[in-house]
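Below is one structure, written out as C-alpha cells, with a few remarks after it.
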Amino acid sequence: MRGIRADHRGGAHRRRNGGAMSCNGIGSSPRRFGGLRRVTGAQEYVGDIRLADVLHVKLVRLDRARARILSIDATAAKQVPGVRLVLTAADLPQPVPRFGPKFKDRPILAVGETKYHGEPVAAVAAETRDAAEEAARLVHVEYEVLDGGVFGVAAALDPASPLVQDHAIRPNDPLADTNILREHRFGWGDVDAAAADLVVENTYSFPMVTHFTIEPHGFMAAPDGDGITVWSSIQHPYLLQKTIAELLDLPLAKVRVFAPDPGGGFGGKQIPKYEPLLAFMALRAGRPVRLILTLAETFQAVRRAATEVRFRTGFLSDGTIAFQDVEANFLIGAYVDIADRVVGKASYLACGPYRVPAVRIMGRTLLSHTTPSTAFRGFGIPQITWARESNIDEGARALGIDRVEIRLRNLARHGETFIPGDTPADGDWSQTVRKAAELIGWGTPLAAPKRGRGLAVGLKSGPTTGLSYSTVRFLADGSALVLSGTSDMGQGARTVFAQIVSEELGIPLDRISVIMGDTGVIPYDQQTSASRSSVLMGTAVLRACQDIQAKLRAMASRLYEVDESEIVVERGVVRLPARELCAVDVLQSGLGRLGGEIVGNGEMRKDVEPDHPLGGTAAFFEFNCTAFEAEVDEETGEILLVRHVTVSDVGRALNPLQVEGQDDGAAIMGLGHTLMEHVLLDGSGRIRNLGALDYRIPTIKDLPLELTSAMIENADGPGPYGIKGISEGALLAVSPALASAVTDATGVVIRDLPLTPERVWRALEEMR
C-alpha cells in the first residue's frame, strides 16, 4: 500500500524575490557574489587545483573501531610503480605529535591502537591516484582486535568500560581514569527547594549524524623554501596556520594557508583534520602532496555529537516554570577537537529563552570509540532544544495549557536578564512566536484527520569572544578591494561585505571585489563560525570604510582649505559648506598624477571576560520559532509535511534574500536529523551506512508541501545597521516542533530521533 507521500511529487511551494546586480543598498537583495559560478560548476574548489609534480595521497585504515597495532609492513606497497612515500607513526617525530584547538590529544597517525573505525594508521603518496590506492591496499597491518569498546552513553559512564584515552595524555586531570573528559556545571537558585505543582522528567536521545557537505574535504601541502604552503577547504585558515606552525616549529610567517571557498562547511571544516599529516608528508617527500577524501572517508572524519539528555521541569498550575534540572551527556568520540566547547556552550543555554528562577545543569563531555565529533550547525543547541522543548510540550499537555501560551508565559522579555550575569534578552521574542503561530494557522480547524500542529522555539548564543580585521582599498578609479579573513562557504559573506562598502562609499557592486582565503594577503580573522561574520567582520569592514571616509575628509580639507569638522562624507559624496563633490573626484585630485589609493583598516574585538564561565557574554542571540502542520499515515508511520514555518529574529536583514536562503537551508537541514539521518554502528563500533546509498539526507521529495520563512526586524542587533547573526536559528527547533505535531495528530509521544516511519509505526502499535 502506498503511503501518504504518494501524491507528493517533491518541492515546497515557495515565494521568491530578488534583485539585479545594480541594487546596492543595505536591505536590498542583489545577485550573490560568485553565486553563478557555484551553481554552474565553474567554482574552483581545492579538488580542482592542480599543482605541478604533485603526489596523490591515500590513507590506510583498519576496518575495525578498536584494535591494537602489532606491526605495519609496507614492503609490497613500496614496490608499486610510482609510490614515493609510505608514512607510519614510526616515521614521525617521537613522541608522535598531537594537535587540537585546546586539548592536544589527536595524533597525526594512530599510535599503538586505533580508537575509532577508520582512524588512519599509515598514508601512501604516489605519482597517480590509482597507484596510491593500490599501494594502500598492499600495506599489511598486523593487529589484534580488542574486545569491548565505548559506543554509547551508558558504556562511556560505566567505570568498567575500557579507557578511550590513555590517562598519561591527561596529566593532572582528576577524571583521567574515566571516559568523562569534563563536567560542565551551571546553575542558579535552589532547585531542591523549589515548589512545583507538576514535575515532568524524561530522557531524550539525539542521533550521531554527519555533515554531508557537497564538497568533500580536500587538502594539499607543498614545501616552500624554508617554510610550507597548505591548501584546505577550511573555515578557519588562521587556526590552521597556527596549528601547522606549532607542529613544525615554524614562525607563522613561514606557513601560508590558501583556503578556497568551501563547498559547504556547517562546522565540519572548522578545525584541522588531516592537514598536519599532509604537511609532514610534503616535507618528507620534498614535493607537493594532495588528498581529497571520498564521501565514505568524510563519515570517518567528522560528525555531530550524539546525546542523551535527561530533562526535568517543575511547573506551577498556571504553566509558569518553577525550576529546571538538566543532565546532558554528549558522546564526542575518540579525540576532543572542539567538542568540549560545544558541550559547554550548549549546556549553558539548556533552559533556552525562558525565565527560570531555579536551575541546575550538568553537561558531560564523554569520550568514545567513535569518529571524533566537531562543530556542527547549531553547536550542540539542536540536541538540547530537542529535549527542552519536548519536555515543555509534555508539561503543557499534562496541565491542559495551550502549547503556544505556555511558551509566551515564560519567555524572557526584551531587555530582561534571564541568565544571571549574561546578555539580557536582545529581542522581542514573543513577537516571533506570535508570528509563527499566525503563519501556521494555530487554533484554526485542521483540514484532514490525523493532522496536527506543533511549535517550538530555539535560542543560540553568538560568539562570546572574537577578533576580526578588515582592509578596504579605495582605488584611484573609484573601485574597491575588500580584504577579509572570513570563509565564504555558501552563506554569501562576500555579497554582504560588498553591500556594506557600497552603502558607505557609494561604489556600485560591480566595481567591488572581495578577496578571501590567503593568510599571506588577508588580515587576521579569528574564525568563521557562530553566525559571527556579518556582525563581527561586518563591523570591521564598516570601520575600514569609516577610516577611508576620515581620510577623504582630511584630503578634502587640504585640497579645498575647509575645516574637517565642516565636511561630511557619506555614500560616495563629499559635502563641503558650499558644494558637493563626488568622492572619486576628491580621491583623484588628492592622489595627483602618481595615482595610488586610500587604504582603510577596521577592527572588531570582543575581549575575553575571564570571570565568565564561557569566557565572555553572548554578542547576540539567535532566536527562532519553528512550526509545523503534519499528517501521519498510521498504517506506515510516514509523516507528510503539510506546512513548515520558520520565523527568525534578525535585527535587520542586510540582504533579505540571503537571510531567507539561510533560514530555508537550515530548516531543511533540520529535517535530516529529525526524520532520517543517523550514523549506524554495528556491535563492534564499525559504521554500517558509509556513503550516500545507506545514509539518507533530505532530497526534493522530502520537502514540505509549503515552506514559509519570515523574519522579525527591529534593528536591535549589535552589528552594522542593527543586524544580528543568522544562519543557525532555523535549524534549532525543527525536531521538537515536528514531534509536537506528530503527537497532536496521533497522541503518541516519541523521545528518540530520528522520527523514521518504523519508529513512528512502532510507537503507534505500542499505544494501541
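The values are calculated or read from the model by the stated rules, or taken from the named source; none is laboratory data. Worth saying up front: this structure is predicted, and the values here are computed from it rather than measured. FYI the Cβ positions are ideal-geometry reconstructions off the backbone, even for glycines, and counts take in every protein chain you see.
Observations, loosely collected:
- Given (1) in the same structural domain as Thr486 (by TED's automatic domain parsing); (2) in contact with a Phe, Trp or Tyr (Cβ under 8 Å, 6 or more places away or on another chain); (3) touching a residue at least 40 places away in the same chain (Cβ under 8 Å), number of the condition Ala627 does not satisfy: (1)
- Matching residues in segment 225-240 - criterion: being part of a loop (DSSP other than H, G, I, E, B) and either touching a Pro at 6+ places or on another chain (Cβ under 8 Å) or farther than 12 Å from Pro262 by Cβ (or both): Gly225, Asp226, Ser233, Ile234, Gln235
- Within segment 231-238, one or more residues are aliphatic (A, V, I, L, M) and crowded, with 23+ Cβ neighbours inside 10 Å.
- Test: residue in segment 418-426 that is in contact with an Asp or Glu (Cβ under 9 Å, 6 or more places away or on another chain), under 30 Å from Leu738 (Cα atoms), among the acidic types (Asp, Glu) and at pLDDT 95 or above: yes
- Screening segment 703-768 for helices (runs of 4 or more DSSP H) wholly inside it with 3 or more residues that are charged (D, E, K, R) returns the ranges 757-767.
- The sole residue among Gly485, Gly492, Gly441 that is outside the structural domain of Glu638 (by TED's automatic domain parsing), in contact (Cβ under 8 Å) with a residue 24 or more places away in the chain and within 30 Å of Pro736 (Cα to Cα) is Gly492.
- Filter result (among the aliphatic types (A, V, I, L, M) and closer than 30 Å to Tyr348 by Cα) within segment 445-468: Leu455, Ala456, Val457, Leu459, Leu467
- Index of the failed condition, Ile697 passing every other in (1) closer than 30 Å to Met604 by Cβ; (2) in a loop (DSSP other than H, G, I, E, B); (3) β-branched (Val, Ile, Thr): (1)
- Residue that is modelled with the lowest pLDDT, among those in segment 554-575 that are surrounded by fewer than 16 Cβ atoms within 10 Å (Cβ to Cβ), closer than 24 Å to Glu503 by Cβ and not basic (Lys, Arg): Glu570
- Selection status of Glu609, surrounded by fewer than 18 Cβ atoms within 10 Å (Cβ to Cβ), at pLDDT 95 or above, in contact with a strand residue (DSSP E or B) (Cβ under 6 Å, 6 or more places away or on another chain) and not in a helix (DSSP H, G or I): no
- Residues that are of a type in the set (Asp, Glu) and in a helix (DSSP H, G or I) within segment 503-525 comprise Glu503, Glu504, Asp510, listed in sequence order.
- Within segment 526-576, being in a helix (DSSP H, G or I) and of a type in the set (D, E, K, R) holds for Arg543, Asp547, Lys551, Arg553, Arg558, Glu564, Glu566.
- The numbered conditions (1) at pLDDT 95 or above; (2) more than 26 Å from the chain's Cα centre (by Cα); (3) in a loop (DSSP other than H, G, I, E, B) are all true for His56 except (3).
- None of Ala456, Ala447, Ala540 is farther than 26 Å from Thr213 by Cβ and at pLDDT below 95 except Ala447.
- Count - residues of segment 358-381 that are within 13 Å of Gly344 (Cβ to Cβ), surrounded by fewer than 24 Cβ atoms within 10 Å (Cβ to Cβ) and among the charged types (D, E, K, R): 0
- Residue identified as closer than 14 Å to Ile69 by Cα and free of Cβ contacts under 8 Å to residues at least 60 places away in the same chain among Val111, Val145, Val121: Val111
Each row is one residue, and each column tells you yes or no for (1) over 29 Å from the mean Cα position of the chain (by Cα); (2) within 21 Å of Ala222 (Cα to Cα).
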| site | (1), (2) |
| --- | --- |
| Ala42 | no, no |
| Thr75 | yes, no |
| Pro95 | yes, no |
| Phe99 | no, yes |
| Thr128 | yes, yes |
| Ala131 | yes, yes |
| Glu142 | yes, no |
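- Within segment 149-180, restricting attention to residues that are closer than 19 Å to Glu119 by Cβ and of a type in the set (Val, Ile, Thr), the residue that is surrounded by the most Cβ atoms within 10 Å (Cβ to Cβ) is Val150.
Quick grid of which residues meet (1) closer than 22 Å to Thr617 by Cβ; (2) in contact with a helix residue (DSSP H, G or I) (Cβ under 8 Å, 6 or more places away or on another chain):
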| site | (1), (2) |
| --- | --- |
| Val336 | no, no |
| Leu349 | yes, yes |
| Ile384 | yes, yes |
| Asp393 | no, yes |
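- Within segment 239-258, tally of residues that are surrounded by 24 or more Cβ atoms within 10 Å (Cβ to Cβ) and more than 16 Å from Lys273 (Cβ to Cβ): 1
Residues checked against (1) more than 25 Å from the chain's Cα centre (by Cα); (2) at negative phi; (3) basic (Lys, Arg); (4) not in a loop (DSSP other than H, G, I, E, B):
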| position | (1), (2), (3), (4) |
| --- | --- |
| Pro223 | yes, yes, no, yes |
| Pro260 | no, yes, no, no |
| Arg312 | yes, yes, yes, yes |
| Ser317 | yes, yes, no, no |
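- Beta carbons closer than 9 Å, at least 6 apart along the sequence or on distinct chains, never pair a first residue in segment 238-255 that is not assigned by TED's automatic domain parsing to the domain that holds Pro97 with a second that is buried (at least 17 other Cβ atoms within 10 Å of the Cβ) and of a type outside the set (Lys, Arg).
- Answer residue from segment 649-699, given it is among the β-branched types (Val, Ile, Thr) and within 21 Å of the chain's Cα centre (by Cα) and is surrounded by the most Cβ atoms within 10 Å (Cβ to Cβ) among those: Val650
- Among the residues examined, Asp477 qualifies as in contact (Cβ under 8 Å) with a residue 12 or more places away in the chain, surrounded by fewer than 17 Cβ atoms within 10 Å (Cβ to Cβ) and among the acidic types (Asp, Glu).
- The residue that is farthest from Val359 (Cα to Cα), among those in segment 404-438 that are among the hydroxyl-bearing types (Ser, Thr, Tyr) and free of Cβ contacts under 8 Å to residues at least 60 places away in the same chain, is Ser430.
- Filtered residues of segment 190-221 (kept if under 28 Å from the mean Cα position of the chain (by Cα), over 24 Å from Leu681 (Cβ atoms) and in a loop (DSSP other than H, G, I, E, B)): Ile214, Glu215
- Residue match in segment 230-242 (condition: touching a strand residue (DSSP E or B) at 6+ places or on another chain (Cβ under 6 Å), within 20 Å of Arg50 (Cβ to Cβ) and of a type in the set (S, T, N, Q)): yes
- Subset of segment 501-519 (residues that are small (Gly, Ala, Ser), farther than 17 Å from Gly27 by Cβ and crowded, with 20+ Cβ neighbours inside 10 Å): Gly517
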